[in-house]
Amino acid sequence: MGNQQQEGARDVIRIIDKIVARNESIIRVVERAKKLAQHVPEGKREKRTVQFIIMHYSNLTAAGGGLSAVPGLIPFVGTVFSIFGASALDALIALKYELEMTLALAHLAGFDIEDPRERKLAFLLVCASLEEAYEEEKEPSLYAIVDLAMGEFSTREMSKSLVKLVARVMTLMVSKKWTRYFPFVGIAIGASVNKLMSTHTGYECWRALKHRQRANES
């Protein structure tokens, strides 16, 4: 992977940091999802809450969220476009909402999303899930990321891994390389694919977060 791609990935991370919703807003989404799930039996309430959270953010990803002004707001968007191409804006918007979704799920699972380390972990989980979805031969690595984060994986190492993952995922996202998850030609429509990818990402990240939660409790 070239230095130019890695520098572009660093700019992507800076952009996402600037446009991601505030924690208070993310927590409000979780609280609303909990209220919507109150009518189901207690044993199924958490699952239903997760479904509402994922549906909320996958709908936003599909709609694009009205963030067309992003290029004018953030100076280094131009660098990202020059490296990853015109489709980079769609990828940036998708990553923003998928990170917010994973932070919401992390909060639901009891993790402190105010902690910068937790935010990096959430971003790593998003990127690992997307890479696994786009690359047919890619082995799932979400549990490995969680296990490393629980051990001696330093914040600096997490940052380095994140840059590499973001660079790979941005390349995959803008190339529109669909995988085994989307075998039908007719489904390769931006909004539909964004929603399906975000839904897949949400459930994969939730499984990884539950794996971490169980490991912490044991």
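The values are calculated or read from the model by the stated rules, or taken from the named source; none is laboratory data. Remember, it's a predicted structure, so these values are computed and weren't measured experimentally. With ideal geometry, Cβ positions are generated from the backbone for all residues, glycine too; neighbour counts draw on all protein chains shown.
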Considering segment 59-84, residues that are in a loop (DSSP other than H, G, I, E, B) and either in contact with a Lys or Arg (Cβ under 9 Å, 6 or more places away or on another chain) or surrounded by 11 or more Cβ atoms within 10 Å (Cβ to Cβ) (or both), and then whichever is modelled with the highest pLDDT, we arrive at 64
I'm checking my understanding of the structure. Among residues of segment 203-218 that are out of contact with any Leu (no Cβ under 7 Å at 6 or more places or on another chain) and modelled with pLDDT of 90 or more, which one is nearest to residue 87 (Cα to Cα)? 203
Among (1) loosely packed, with under 13 Cβ neighbours inside 10 Å; (2) at pLDDT below 90, there is one condition residue 38 misses while meeting the rest; what is its number? (2)
So the check is Cβ under 6 Å with 6+ separation or different chains; which pairs have a first residue in segment 32-59 that's under 18 Å from residue 107 (Cβ atoms) and a second one that's among the hydroxyl-bearing types (Ser, Thr, Tyr)? 33/49; 34/49; 37/49; 54/199; 57/97; 58/198; 58/199
